[in-house]
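Participant: Okay, here's the structure, questions in a sec.
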Amino acid sequence: MPKMKTKSSCKKRFKVTANGLVVGGQAGKRHGMIKRSNKFLRNARGTTVLSAPDAKIIKTMMPYAR
């Protein structure tokens, strides 16, 4: 059976940790920062762990990142 292909968009945007959690960038920081509160911008730094339903979708697109 041939190898399964990893979705290129997923391998660029997400990473799977050793415990199997999917980590991705924080949403809502592309534009329009002037209207967002300073608290939101502070809390949206770095990366965040995806929710279980979202992680399940990403893991199907990254078959060898488990």
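Participant: Please report the net charge: other residues with Cβ closer than 12 Å to the Cβ of THR47, K and R +1, D and E -1. Present the calculation step by step, with values, prior to reporting the outcome.
Facilitator: On the way: positive: ARG13, LYS15, LYS29, ARG45; negative: none.
Computed value for this residue: +4.
Participant: Compute the relative contact order of segment 20-66 as a whole-number percentage, counting only Cα pairs closer than 8 Å that sit 6 or more residues apart in sequence. Walk me through the numbers before you get to the answer.
Facilitator: Numbers: 31 pairs, mean separation 22.8, N = 47.
About 49 percent, as a whole number.
Participant: Test of understanding: in a Gaussian network model of the chain with alpha carbons linked when under 10 Å, which of LYS29, LYS15, LYS39 would top the mean-square fluctuation ranking?
Facilitator: The residue that fluctuates most here is LYS39.
Participant: Show me, for segment 39-56, the HN-Hα J-couplings you get by feeding each phi into the Karplus relation (A = 6.51, B = -1.76, C = 1.60, θ = phi - 60°), rounded to Hz, glycine and proline as x.
Facilitator: 5, 4, 5, 5, 6, 9, 6, x, 10, 9, 7, 6, 5, 4, x, 5, 5, 5
Participant: Consider all pairwise Cα distances in the chain and report the whole-number % of them above 13 Å. Can you show the working numbers first?
Facilitator: Working: 1431 of 2145 pairs.
The answer is 67 percent, as a whole percent.
Coordinate-derived values only; no laboratory data. The structure presented is a predicted model; accordingly, all values stated were derived computationally and were not measured. FYI the Cβ positions are ideal-geometry reconstructions off the backbone, even for glycines, and counts take in every protein chain you see.
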